[in-house]
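The values are calculated or read from the model by the stated rules, or taken from the named source; none is laboratory data. These numbers were taken from a predicted model, which means no experiment stands behind them. Methodologically, a virtual Cβ is constructed for each residue, glycine included, from the backbone with ideal geometry; neighbour enumeration extends over all protein chains shown. Remember, those area values only see protein heavy atoms, side chains included, never the ligands or the DNA or RNA. Shrake-Rupley method; radii C 1.70, N 1.55, O 1.52, S 1.80 Å.
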Amino acid sequence: MSAPLFSVVVPAYNQHKFIDSCLTSLQRQTLTDFEVFVVDDCSTDDTGEQIAALIKGDDRFHVITHAHNRGVSAARNSGMAAAKGKYLCFVDGDDWVEPDFLATFLAAYQAAPDTQLVVCGHYGYLAVPSPAKTYSQKDLIANINFGTVGGFSWNKAFIRSIITTHHLKFNEDIDFLEDQLFAFRYANYVQSSEYVPDRTYHYRWRFRSNLAHIGIPFFTARRKMMKILKQENKQVLNEDLNNQ
């Protein structure tokens, strides 16, 4: 059996209210050549039961269950380890996507076959509108830092072979800005990337959860992330990052 075009990793922990809309939106994709790994991070509510009922009979969907709660980075890593697709996407268990989420990514890769990353527009948290654009590595890093691209994992379609070749993973020792750290690490191997303004991802703003990361927690986590990157001495550490 040939590998699918896309692998989608969905970390889920206690998503009783939202997992239905998340997985249903993936089942309704116009592009059908994909696999989904739903990683139940030891939920204590009925998330696991809902997942089983929702994906029953759909062999594109697979469940990975953690024996204990390990956090979102570990959940994403478990999904990545199982993925076989050419391209890799992440969808958080409390968010949802438009029917052309995957198709939009594929069209962008087909239009620019030499690109190493495609970024889509989104609704919700820190959305910075921009026209379609091709980013150099330097511009990509600046826009992951503060800009349209952002450090999110869920508005991007990565090339999985880049991730596997360079052994990229989410850092399981941090619980905030872990996706931005991953994005910076990936950007080290990107010469050009495409931004597609079509808003195909819906980020669900959860007031208490997001508010808890504003202010001092954000800057504390950011300093920790920058320290990790500087210790790795990656090419991505241009003047903008080194001056942080």
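Is it true that some residue in segment 109-121 is free of Cβ contacts under 8 Å to residues at least 40 places away in the same chain, outside any loop (DSSP other than H, G, I, E, B), within 18 Å of Leu5 (Cβ to Cβ) and of a type in the set (S, T, N, Q)? Taking every residue of segment 109-121 in turn, at least one turns out to be free of Cβ contacts under 8 Å to residues at least 40 places away in the same chain, outside any loop (DSSP other than H, G, I, E, B), within 18 Å of Leu5 (Cβ to Cβ) and of a type in the set (S, T, N, Q).
For segment 59-82, filtering for residues that are open to solvent by 30 Å² or more (accessible area, probe 1.4 Å), touching a helix residue (DSSP H, G or I) at 6+ places or on another chain (Cβ under 9 Å) and of a type in the set (D, E, K, R) leaves 2.
Number of residues in segment 86-97 that are open to solvent by less than 60 Å² (accessible area, probe 1.4 Å) and farther than 11 Å from Ala157 by Cα: the value is 5.
Scanning segment 173-212 for residues that are open to solvent by less than 70 Å² (accessible area, probe 1.4 Å) and either at pLDDT below 85 or among the charged types (D, E, K, R) (or both) turns up Glu178, Asp179, Arg185, Glu194, Arg204, Ser209, Asn210, Ala212. Scanning segment 144-155 for residues that are touching a residue at least 24 places away in the same chain (Cβ under 8 Å) and farther than 20 Å from Asp175 by Cα yields a count of 2.
Taking every residue in segment 5-27 that is free of Cβ contacts under 8 Å to residues at least 60 places away in the same chain and pairing it with any residue that is in a helix (DSSP H, G or I) and hydroxyl-bearing (Ser, Thr, Tyr), at least 6 positions away or on another chain, the pairs with Cβ-Cβ distances below 8 Å are Asn14/Thr47; His16/Thr47. With respect to Phe34, is the statement that it is in contact with a Pro (Cβ under 6 Å, 6 or more places away or on another chain), open to solvent by less than 40 Å² (accessible area, probe 1.4 Å) and either basic (Lys, Arg) or touching a residue at least 60 places away in the same chain (Cβ under 8 Å) (or both) true? So Phe34 passes the test.
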